[in-house]
1. Could you give me the residue pairs with C-beta distances under 9 Å whose first residue belongs to segment 282-300 and is assigned by the TED database to the domain that holds Arg263 and among the basic types (Lys, Arg), whose second residue is in a loop (DSSP other than H, G, I, E, B) and crowded, with 20+ Cβ neighbours inside 10 Å wherever it lies, and which are 6+ apart or on separate chains?
2. Is it the case that Pro237 is more than 30 Å from Tyr110 (Cβ to Cβ), within 23 Å of the chain's Cα centre (by Cα) and either at pLDDT below 95 or among the polar types (S, T, N, Q) (or both)?
3. Taking segment 1-27 as the region of interest, how many residues are loosely packed, with under 12 Cβ neighbours inside 10 Å and within 20 Å of Val58 (Cα to Cα)?
4. On the given criteria, is Asp102 farther than 20 Å from Ala3 by Cα, modelled with pLDDT of 95 or more and of a type in the set (Asp, Glu)?
5. Mind checking which residues of segment 255-268 are open to solvent by 50 Å² or more (accessible area, probe 1.4 Å) and among the aliphatic types (A, V, I, L, M)?
6. Hey, any hits in segment 33-47 for a residue that's in contact (Cβ under 8 Å) with a residue 60 or more places away in the chain, surrounded by fewer than 15 Cβ atoms within 10 Å (Cβ to Cβ), farther than 26 Å from Ile200 by Cα and in the same structural domain as Ser162 (by the TED database)?
7. Only one of Pro237, Pro192, Pro183 is touching a strand residue (DSSP E or B) at 6+ places or on another chain (Cβ under 6 Å), touching a residue at least 12 places away in the same chain (Cβ under 8 Å) and over 28 Å from Ser310 (Cβ atoms); which?
Amino acid sequence: MDACIESILGGGRDIEIIIVNDGSTKDNTAEKADEWAAAHPDIIKVIHQENAGHGGAVMAGLRAASGVYFKVVDSDDWLDRTARDLLLAKLRGFIAGDNLVDLVVCNYVYEHVQTGSQKVIRYRGALPTNKIVGWDEIGVFGPGQNILMHAAIFRTQVLRDSGLELPKHTFYVDNIFVYVPLPFVKTLHYLPVNLYRYFIGREDQSVNETVMIGRLDQQMRITNIMVDAYVLPDEIPSKRLARYMEGYLALIISASSMFAAIRSDAEALRMRKEMWEHLYAKDAKMAKRLGRHPLVLGSNLSSQPGRKASIALYRLAQRLYHFN
């Protein structure tokens, strides 16, 4: 937490830091948070609440936020100082010019704890650089280019106007956070700096494969919430945004299917079957179209040899993109 907060504090008095102590009892999080607030009372505020999970913590921060823009930074991650200052200069310019861009996208960096390696996720080709655009001006997003929470800085009011609600006591809510508000975003800007440093590779981390397999029910819950959010493409005004959202939803469906295939027990395969029933109940046309997406096809082969082939493809992608 110290490294995280120090990396944000250097932004000066334009930044408001909201520390959410989400019912931590096994360490000194509460005391450390209060010490930070006492040292910087004009910048840092602390929320102490009963444990509500990642989604409950993010929603508490959003309710308390008074800033024009909103950025989630997990306490084991940090921001690059130079990129932070460039982002703040850009945001100040938007505010001074009364041109409040709805979504700013920056690069993020996977910082692998075990190997010491780094992988930068960039959006060149998918998003025009240093230019305010609408969805009809975006390109095609390649593998690994989805706009994740690490990359996104939303205008606070956009998040509120979207009616965003994140479920409590559920992991992987970051996918809802960056999916549900998208149709409310009218303008976006890609600033190609490596802002967010995503610390990855710990055995107890939520995106660790073993942990994700053990929380398959929560992954399925997130998938169902995203399915329920919109009928694609009918309810999305921009065709290019609808295409992007469909690709993102296909990735989440694929991940849920893949972890069910890796577990491969009766309960996991039942959850996968129920996920598809839920998708068809929402909209059969959307379900059929998503079912033809290459990622979804590759992760939903039903035979035992097919599941082995799907897992082999997943392992290849894992080596290429280092996502967990």
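The values are calculated or read from the model by the stated rules, or taken from the named source; none is laboratory data. Computed from a prediction, not measured in an experiment: that's the story for all the values here. For neighbour counting, all protein chains shown are included, and Cβ atoms are generated from backbone atoms with ideal geometry for every residue, glycine included. We work out accessible area using only protein heavy atoms, side chains counted, and drop any ligands, DNA or RNA first. Shrake-Rupley method; radii C 1.70, N 1.55, O 1.52, S 1.80 Å.
1. Arg289/Leu232
2. Values: more than 30 Å from Tyr110 (Cβ to Cβ): yes; within 23 Å of the chain's Cα centre (by Cα): yes; either at pLDDT below 95 or among the polar types (S, T, N, Q) (or both): yes.
So Pro237 fits the description; yes.
3. Going residue by residue through segment 1-27, those that are loosely packed, with under 12 Cβ neighbours inside 10 Å are 2, 12-13, 25-27.
Then keep just the ones that are within 20 Å of Val58 (Cα to Cα); that gives 2, 25.
Number satisfying all stated conditions: 2.
4. yes
5. Ala266
6. No, segment 33-47 has no match at all.
7. Numbers: Pro237 fails: touching a strand residue (DSSP E or B) at 6+ places or on another chain (Cβ under 6 Å); Pro183 fails: touching a strand residue (DSSP E or B) at 6+ places or on another chain (Cβ under 6 Å).
Of Pro237, Pro192, Pro183, the one residue that is touching a strand residue (DSSP E or B) at 6+ places or on another chain (Cβ under 6 Å), touching a residue at least 12 places away in the same chain (Cβ under 8 Å) and over 28 Å from Ser310 (Cβ atoms) is Pro192.
Okay, residues lined up against (1) modelled with pLDDT of 95 or more; (2) under 21 Å from the mean Cα position of the chain (by Cα); (3) more than 24 Å from Tyr110 (Cα to Cα):
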site	(1), (2), (3)
Ser24	no, no, yes
Ile44	yes, no, yes
His48	yes, no, yes
Asn51	yes, yes, yes
Gly55	yes, yes, no
Ala60	yes, yes, yes
Lys71	yes, yes, no
Thr82	yes, no, no
